Amino acid sequence: MPDPIITLTTDFGEDSPYVASMKGVILGINPAARLVDLSHQLPPQNLTHAAFFLATTVPCFSTEVLHVVVVDPGVGTERALLYVEVEGHHLLAPDNGCWTLLARQGSRPPRVLKLVEPRYWRQLVSATFHGRDILAPVAGHLSLGLDPQSLGPVASEWVQLEFPVPALEPDRLAGEVIFVDHYGNLITNIPGDAFHALAAGPVRVAVGSQEVARRVRTYGEAEPGTFVALISSAGMLEIAVVQGNAARLMCARPGTPVVAERREM
Amino acid sequence: MPDPIITLTTDFGEDSPYVASMKGVILGINPAARLVDLSHQLPPQNLTHAAFFLATTVPCFSTEVLHVVVVDPGVGTERALLYVEVEGHHLLAPDNGCWTLLARQGSRPPRVLKLVEPRYWRQLVSATFHGRDILAPVAGHLSLGLDPQSLGPVASEWVQLEFPVPALEPDRLAGEVIFVDHYGNLITNIPGDAFHALAAGPVRVAVGSQEVARRVRTYGEAEPGTFVALISSAGMLEIAVVQGNAARLMCARPGTPVVAERREM
Amino acid sequence: MPDPIITLTTDFGEDSPYVASMKGVILGINPAARLVDLSHQLPPQNLTHAAFFLATTVPCFSTEVLHVVVVDPGVGTERALLYVEVEGHHLLAPDNGCWTLLARQGSRPPRVLKLVEPRYWRQLVSATFHGRDILAPVAGHLSLGLDPQSLGPVASEWVQLEFPVPALEPDRLAGEVIFVDHYGNLITNIPGDAFHALAAGPVRVAVGSQEVARRVRTYGEAEPGTFVALISSAGMLEIAVVQGNAARLMCARPGTPVVAERREM
């Protein structure tokens with residue numbers, strides 16, 4: 001059996017000593033653990049973004065993997081730290097809702113434990129870096145085969161993030177940008193299926209007050225500079241500019257309204 | 001034998017869920033694969049840069065390694081996806097010429113296959129993310145020992161990038177900046193050998209209209225702030241500012257002309 | 001026994017072919033080596049920052065790990081390259097003082113060897129990239145079990161960086177910012193212990209001429225926007241803004257003076 005895989009997702013930044021510190025602690029407990037960086041560039045303390053990131057990426061992994069997530073604006077306060085099993089995936093994360101969008105994709109209820117057993121933590125726990133002092137050592141111990149039950153009691157409640165809910169009517173889909181990728185493409189919260197059904201006929205798509213010129217299957221179908229609507233690789237309505245940066249050109253960002261509606265012929 | 005190594009080179013950005021998704025897919029198929037990040041910060045959709053990056057880095061690796069490259073402005077269009085063997089190195093990449101500078105360093109013709117066998121892809125292939133849906137699973141299967149021949153037919157043609165060709169005369173070398181590194185050093189397309197021969201006598205070096213003060217072997221030989229010409233670690237003429245940023249100070253970037261010529265004594 | 005771990009810490013930037021080149025060279029010599037990125041975003045050629053980074057992160061690792069550090073403004077000059085054992089940790093680094101803050105945390109004298117044995121280097125050593133041509137291959141050979149003694153003679157002298165020393169008096173602690181993290185938090189060179197003792201009574205903390213409103217144990221204890229003083233996860237006095245960026249709001253950076261003093265009641 002290959003050595004256990006532990007992924008790391010944080011908002012620490014690539015320049016940070018905090019990522020390296022966590023890696024050191026995990027490998028100190030389980031030198032055979034295989035660390036995989038997902039991202040350390042999540043926008044600082046942005047839980048909605050973290051939720052979207054995890055909902056997009058975790059399902060691509062097999063369920064043997066352990067995911068450690070540190071986006072933690074509430075570090076050192078009363079907020080709990082959790083071990084979560086959701087649709088077979090395993091995560092360690094602060095109780096701030098960052099994994100709840102992932103959970104909504106499934107039908108089974110998650111299994112959630114509160115980390116309260118200091119035996120699996122570092123001896124000195126700082127007030128501001130529970131990633132290094134609690135999550136990293138717990139990840140190390142889990143990867144050695146520790147039964148999660150040893151970590152603490154089952155939790156029956158946890159923080160759930162509110163996500164903007166799109167208004168989906170037969171003739172009109174109204175949502176918003178929830179994520180801007182590295183190319184400036186705008187990923188919305190409007191499901192691709194709903195858009196696909198609506199777009200069987202003529203359709204008008206707008207980002208704020210700006211109209212999107214064309215509906216395409218992929219970027220390469222239109223001329224450079226064209227504003228296009230398509231279904232993203234995560235299955236959502238996406239707005240892009242061919243070989244350009246839609247976020248910049250449309251002054252759009254998370255929260256900018258996006259509407260697709262049936263057009264009179 | 002150690003577990004197989006797969007490198008990843010993309011223009012996705014460190015903040016992107018796309019890198020993480022590809023890692024999940026590869027490890028889902030071969031949990032023993034060892035992933036090595038080369039860079040995820042290639043300039044978006046810049047094929048010339050990608051070509052330079054691969055020509056510089058791939059030769060440092062042994063030939064057992066598999067390199068997955070996703071700089072893919074043509075995703076979802078007719079452009080093919082390729083398996084390439086070049087000077088013993090193995091790559092998976094879109095057919096956009098990103099590996100052709102690497103191929104020019106060698107003498108043997110490359111072996112190129114077109115990926116057409118969907119059995120080794122993800123079940124649902126999106127129109128905009130072939131890195132996750134085709135290249136990643138194919139990399140996973142190859143790392144398990146799949147014979148590349150199973151991937152598809154031999155290709156006899158592929159896209160070749162045009163690279164700016166320097167004009168190399170006995171008394172004058174005229175080229176351009178092809179790459180700016182993180183320190184602002186300017187790497188040109190003028191071979192170090194040619195410069196070395198010319199610079200046996202007095203020589204004048206200019207970036208655009210700005211003269212370079214000194215020829216050195218390494219940065220530390222001149223005072224801070226001096227503009228220097230030297231031979232880069234990749235064997236090309238390089239222009240730098242000692243303890244400074246040449247790109248910024250000279251307003252230079254890829255494409256800026258660079259000339260080295262014999263000077264009257 | 002798990003495969004050997006080699007960490008990489010550089011100022012090359014994530015976009016650089018230099019990181020990838022070093023990885024290729026190490027894995028070419030020892031295909032079983034397990035590479036762990038600490039950071040490639042150290043501020044270019046900033047030795048003080050590198051020293052702080054290493055002093056914070058290396059102690060989190062177990063002593064089996066080999067750390068390769070390339071922040072090397074003097075590359076190609078007479079400066080030596082070193083193999084260092086400090087408090088049981090193993091490093092390869094240029095002789096520029098980047099590891100000396102780490103050494104000060106311990107009581108045992110470091111063991112230092114000069115790398116002079118070209119048998120363990122690449123055949124062609126460039127003048128500007130000793131990370132790839134000397135440190136990477138030496139790391140590969142060490143990870144295969146090479147006795148460090150083969151690398152070169154013991155050194156009795158090495159470069160020591162000067163670090164700003166805080167003035168610690170019973171009623172007044174005067175230091176400076178030595179590190180700004182990704183969130184804009186200001187880490188100072190004033191030991192947390194000293195601050196803790198002083199802050200038993202009423203205390204005034206100032207960054208430059210700006211007063212810090214509150215003393216807290218962790219960020220979450222004060223309202224968003226409050227300037228707070230706390231003890232950092234590395235045990236130093238830290239200045240932060242709750243859910244904000246202290247560096248930006250206070251125009252502070254490494255070198256900005258920080259004072260904590262007893263206040264009249």
What does the charge count near residue A:100 come to, summing +1 for each Lys or Arg and -1 for each Asp or Glu among other residues with Cβ under 13 Å from its Cβ?
-3
For the stretch C:9-93, with only Lys/Arg (+1) and Asp/Glu (-1) charged at the beta-carbon, what is the dipole magnitude about the Cα centre, in debye rounded to 20?
120 debye
Sorting from shortest, the nanometre distances separating the label point of residue C:248 (7 Å past Cα along the line to Cβ) from those of the same residue in the other copies are 1.9, 1.9
Please report, as a whole percent, how much of the solvent-accessible surface of the protein assembly as shown comes from carbon and sulfur atoms (probe radius 1.4 Å).
51 percent
Computed lengthening from residue B:167 to residue B:85, 0.36 nm per intervening residue step minus Cα-Cα distance:
26.5 nm
Accessible area per residue in Å² at 1.4 Å probe, computed on the protein assembly as shown:
41 Å²
To the nearest whole number, what is the average tally of beta carbon atoms from other chains within 10 Å of the beta carbons of peptide B:36-47?
5
Nearest 5 percent is fine: what portion of the DSSP beta bridges confined to the stretch C:5-151 is antiparallel?
45 percent
Degrees, to the nearest 10: B:17-29 long Cα axis against longest axis of chain B:
50 degrees
For the stretch C:73-199, compute Rg over Rh where Rg is the Cα radius of gyration and Rh is the Kirkwood radius from the inverse mean 1/r over Cα pairs.
1.09
What Rg and what Dmax come out for the protein assembly as shown when only alpha-carbon atoms are used, in angstroms?
27.2, 86
Principal axes of chain C: Cα extent on each, largest first, Å
68, 39, 37
I need the peptides C:84-92, C:220-228, C:4-12 ranked by packing, meaning the mean over residues of other C-beta atoms within 10 angstrom, with the highest value on top.
C:4-12, C:84-92, C:220-228
Averaged over residues of A:54-63, the number of beta carbons from other chains lying within 10 Å of each residue's Cβ is 5
If you bin the C-alpha pair distances of the stretch A:62-101 every 5 Å from 0, what whole percents do you get?
6, 25, 33, 20, 10, 5, 1
Treating every alpha carbon of the stretch C:219-265 as one equal point scatterer without solvent, the Debye formula yields log10 I(q)/I(0) values at q = 0.16, 0.31, 0.33 Å⁻¹ of -0.51, -1.21, -1.23
Residue by residue through the stretch A:46-57, which ³J(HN,Hα) values in whole Hz follow from phi under the Karplus form 6.51 cos²θ - 1.76 cosθ + 1.60 (θ = phi - 60°), with glycine and proline marked x?
9, 6, 4, 4, 4, 4, 5, 4, 5, 5, 7, 9
Reachable aspartates and glutamates from residue A:23, criterion Cα separation under 17 angstrom, eight or more residues apart if same chain
A:3, A:11, A:14, A:15, A:37, A:133, B:37, C:3, C:37, C:64
To the nearest 20 Debye, how big is the dipole of chain C about its Cα centre, given +1 on the beta carbon of each Lys and Arg and -1 on that of each Asp and Glu?
60 debye
Averaged across the residues of C:215-226, what count of C-beta atoms belonging to other chains lies within 10 Å of each residue's C-beta?
3
What translational D, rounded to a whole number of µm²/s, comes out for the stretch C:1-75 from Stokes-Einstein when the hydrodynamic radius is the Kirkwood one over Cα pairs, at 37 °C and 0.692 mPa s?
252 µm²/s
What share of the DSSP beta bridges in chain C is antiparallel, in percent to the nearest 5?
70 percent
How many nm separate the modelled label positions at residue A:214 and residue C:147, each set 7 Å beyond the Cα in the direction of the Cβ?
7.0 nm
For the protein assembly as shown, the dipole about the Cα centre with charges only on Cβ (Lys and Arg +1, Asp and Glu -1), to the nearest 20 debye, works out at 40 debye
Could you identify the residue of B sitting closest to the B-A rotation axis by Cβ and state that distance rounded to whole angstrom?
B:14, 3
Sort B:192-201, B:235-244 for me by packing, meaning the mean count of neighbouring Cβ atoms within 10 Å per residue, highest on top.
B:235-244, B:192-201
Tell me, what is a quarter of the convex hull surface for the C-alpha atoms of the stretch A:5-151, in nm² with one decimal?
7.8 nm²
Taking the simple approach of a point 7 Å from Cα along Cα-to-Cβ for both residue B:63 and residue A:62, what is their distance in nm?
3.0 nm
Within the protein assembly as shown, what percent of beta bridges assigned by DSSP are antiparallel, to the nearest 5?
70 percent
Defining the label point at 7 Å along Cα→Cβ, can you sort the distances from residue B:264 to the same site in each other copy, shortest first, in nm?
7.9, 8.0
How high is the relative contact order of chain C, given as a whole-number percent (alpha carbon pairs under 8 Å, six or more residues apart)?
16 percent
Given points 7 Å out from each Cα along the Cα-Cβ axis, report the residue C:160 to residue A:117 separation in nanometres with one decimal.
4.7 nm
Taking the square root of 5 times each eigenvalue of the Cα gyration tensor, what semi-axes in Å does the equivalent ellipsoid of the stretch C:184-265 have, largest first?
17, 14, 13
Work out which residues of the stretch A:102-149 lose at minimum 50 square angstrom of accessible surface when the other protein chains are put back, relative to the chain isolated, with a 1.4 angstrom probe, and list them by number.
A:127, A:128
Sorted shortest first, the nm distances from the residue C:79 label point (7 Å along Cα→Cβ) to its counterparts in the other copies are 4.1, 4.1
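The values are calculated or read from the model by the stated rules, or taken from the named source; none is laboratory data. All values reported here derive from a predicted model rather than from experimental measurement. In this analysis, Cβ positions are derived from the backbone assuming ideal geometry, glycine residues included, and neighbour counts consider all displayed protein chains. Heads up: the accessible areas ignore ligands, DNA and RNA and are worked out on the full protein's heavy atoms, side chains in. Shrake-Rupley method; radii C 1.70, N 1.55, O 1.52, S 1.80 Å.
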